[in-house]
Amino acid sequence: MISVDRLTKVYGGRVAVWQVSLEVQPGEILGFLGPNGAGKTTTMRMITGFIPPSSGTARIAGHDILTQPLEAKAKLGYLCETPPVYREMIVRSYLGFVADIKRVPRARRAALIDRAIGQCGLTEVAHRVIGHLSKGYRQRVGLAQAILHQPKVLILDEPTVGLDPRQIIEIREVIRGLAGEQTVVLSTHILPEVQMTCSRVAIINEGQVVAEDSIDNLTAGLSRFQTLRVRVARDADGLAAGFASLPGVAEAIVEAPGSYAIRVEGGDPARERVAAFAIASGAGLLELSRQRASLEEVFLKLVTEERAEAAA
Amino acid sequence: MSSVWAVMRREISAYFVSPIAYAFMAMFLLIVAVGFSVGVTRYALTPASRIEALGLSLRTQLVSGTWGLMTWGMFASLVSLPGLSMRLLSEEKKSGTAELLFTSPVTTMQIVAGKYLGSVSLFGLILLLTLPMPMFLVWRAQPEIAALAAAYAGLFLYGAVILAVGIFASSLTENQFIALLLTYAVVIPLLLVEFLVPFLRPPFDGVAAALSVGYALKGSALGSLDSAYLILHAVLVSTFLFLSVRIIDSSRWR
């Protein structure tokens with residue numbers, strides 16, 4: 001349904017997004033997870049055709065956003081970071097305007113507006129001026145705008161940012177309710193949000209996709225394996241095989257003479273065994289450190305950001 | 001076409017809830033009304049023989065010279081119309097609604113055209129609001145109707161050019177105030193060319209006259225609307241609209 005092909009965006013000399021490729025199946029909710037400034041918004045703006053990519057392209061329901069922009073955009077609903085609302089308009093007439101520019105047929109216009117208003121819980125404020133609404137309601141108007149014309153593809157950029165916990169839950173309900181009929185890409189820097197709403201997750205860091213899997217597989221993979229870096233003074237043949245034969249060690253790779261990358265599964269006891277073996281072998285242990293996988297680093301960043309936000 | 005229509009309608013309704021738009025509309029009407037009063041008073045105080053000595057018929061003079069709809073209308077347009085066009089595109093960029101427009105199945109041309117037509121319609125409406133003044137003349141003084149109509153048409157075209165410059169300025173910046181100043185910076189020289197005409201030798205005076213938006217209007221106030229000036233207006237309007245589209249598209253490419 002959505003096919004992103006090596007999207008790249010370079011501003012001046014700075015790479016914002018580098019060769020991002022994604023495939024999203026019909027009915028799926030893909031979480032697009034990454035720390036602030038990782039390139040989430042830029043990627044989404046390229047997928048929706050708001051900014052053109054430096055290279056690469058994206059296809060929405062089979063239409064290329066660069067060569068068939070109008071067809072692709074007709075299949076697309078997009079909620080950007082700040083809801084794109086005209087503050088001086090009344091909710092209902094704003095949605096009427098959106099229906100017009102999204103080319104909703106006259107006959108279905110009123111019904112679809114009512115449906116969006118109902119789905120996003122806007123019934124009470126439908127006749128109020130958008131600028132007078134609270135931030136949570138404005139966000140919901142933004143969401144109503146995105147789902148109004150029943151697009152096949154929905155791109156949501158941080159839909160719950162700046163909302164209070166109750167509003168967050170409500171917005172998540174709406175999004176989960178869309179699964180199945182619509183294909184959704186949802187960006188966020190909040191881990192639990194992905195766990196609660198998404199079936200699959202792509203993690204982006206510094207403009208590149210570093211992992212793409214179901215959230216369970218990703219977290220399981222992270223906690224199970226650790227990579228140790230071992231440096232010894234005197235290299236000896238068979239040292240790598242010796243490391244590999246230890247219980248709890250999955251793999252030992254020679255990185256350079258006297259330097260090994262060892263993947264362990266067993267946590268601290270396995271690390272202890274690696275250290276003991278290195279010393280006992282007489283090779284002269286110089287260094288034993290834990291290496292962080294790039295994915296793990298992203299997770300760490302995400303978690304610390306979240307803690308900082310919770311504290312603030 | 002329906003997208004152009006939708007953008008245009010939204011634009012017009014936005015004017016009616018904007019205090020800034022009301023202020024500029026009021027400014028326009030005030031200037032024209034003051035000009036009308038001054039003109040009518042002066043006309044009433046001038047002996048008919050002196051007007052005829054100037055070589056104009058009384059009825060034409062009512063429109064062009066005395067009232068000076070053109071002079072005052074041009075001045076009013078120059079002052080107030082940039083205030084109506086300044087927000088057209090700047091505001092979209094600033095408030096983030098540009099992301100809605102440019103991810104919808106509409107082309108940049110349709111958006112620019114819709115917005116431009118919205119502002120032009122509002123200007124048409126403002127001109128309608130000035131109608132009681134010429135109607136007063138018709139009631140009391142039998143002016144030449146054709147001259148009145150041509151004057152109004154000329155003024156409308158004049159405003160259309162200013163608004164096209166205005167939307168272009170608005171495409172360049174997120175800041176409405178800068179858009180306003182930019183519009184003045186482009187429009188004022190375009191109008192000042194007129195005053196050079198008497199001082200230039202042929203063929204330069206012809207070129208300057210052709211470039212001068214105001215020169216066309218003076219003629220229209222005497223009841224003639226020259227097709228050359230119609231072309232000038234059409235070229236200016238389409239050039240500035242085209243430039244706006246290009247600016248928007250290229251700024252998105254960056």
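The values are calculated or read from the model by the stated rules, or taken from the named source; none is laboratory data. Just so it is clear, the structure is predicted and the values come from calculations on it, not from any experiment. Positions of Cβ are backbone-derived with ideal geometry, glycine not excepted, and every protein chain shown enters the neighbour counts. Please note that ligands, DNA and RNA were not included when accessible areas were found on the heavy atoms of the full protein model with its side chains. Shrake-Rupley method; radii C 1.70, N 1.55, O 1.52, S 1.80 Å.
Things to note:
- In segment B:1-15, the residues that are within 8 Å of chain A (Cβ to nearest Cβ) and closer than 11 Å to B:S119 by Cα reach residues that are among the aromatic types (F, W, Y) and assigned to a helix (DSSP H, G or I) with C-beta atoms within less than 7 angstrom, at least six apart or across chains, in these pairs: B:R10/A:F97.
- Every residue from segment B:119-134 that is under 14 Å from B:V32 (Cα atoms), free of Cβ contacts under 8 Å to residues at least 40 places away in the same chain and not in a loop (DSSP other than H, G, I, E, B): B:L127, B:L128, B:P132
- Count - residues of segment A:110-131 that are open to solvent by 40 Å² or more (accessible area, probe 1.4 Å) and within 14 Å of chain B (Cβ to nearest Cβ): 2
- Looking only at segment B:116-140, residues that are crowded, with 16+ Cβ neighbours inside 10 Å, more than 14 Å from chain A (Cβ to nearest Cβ) and not β-branched (V, I, T) come to 9 in all.
- Inter-residue pairs, beta-carbon under 6 Å, first facing chain A (nearest Cβ under 7 Å) and over 19 Å from A:A74 (Cα atoms) and in segment B:101-115, second open to solvent by 20 Å² or more (accessible area, probe 1.4 Å) and in a helix (DSSP H, G or I), 6+ apart: none
- Leading residue by the ranking (modelled with the lowest pLDDT) among those in segment A:112-121 that are closer than 17 Å to B:L100 by Cβ and out of contact with any Gly (no Cβ under 7 Å at 6 or more places or on another chain): A:C120
- Some residue of segment B:18-32 being open to solvent by less than 70 Å² (accessible area, probe 1.4 Å), within 21 Å of A:E88 (Cβ to Cβ), within 14 Å of another protein chain (Cβ to nearest Cβ) and modelled with pLDDT of 80 or more: yes
- Qualifying residue in segment A:96-109 (condition: on the phi > 0 side of the Ramachandran plot and at the interface with chain B (Cβ under 9 Å from one of its Cβ atoms)): yes
- Just one of the listed residues (A:L156, A:L178, A:L186) is closer than 27 Å to A:E71 by Cα, touching a Cys at 6+ places or on another chain (Cβ under 8 Å) and in the same structural domain as A:T48 (by TED's automatic domain parsing), namely A:L186.
- Residues in segment A:141-151 that are crowded, with 18+ Cβ neighbours inside 10 Å and more than 13 Å from every other protein chain (Cβ to nearest Cβ): A:I147 alone.
- Filtered residue count, segment A:12-66, keeping only those that are over 15 Å from A:L76 (Cβ atoms), within 14 Å of chain B (Cβ to nearest Cβ) and open to solvent by 20 Å² or more (accessible area, probe 1.4 Å): 7
- Any hit, segment A:93-113, residues being among the hydrophobic types (A, V, I, L, M, F, W, C) and either outside the structural domain of A:E158 (by TED's automatic domain parsing) or touching an Asp or Glu at 6+ places or on another chain (Cβ under 6 Å) (or both): no
- For segment A:67-81, the candidate set comprises residues that are facing chain B (nearest Cβ under 10 Å) and free of Cβ contacts under 8 Å to residues at least 24 places away in the same chain; within that set, the residue that is least open to solvent (accessible area, probe 1.4 Å) is A:A72.
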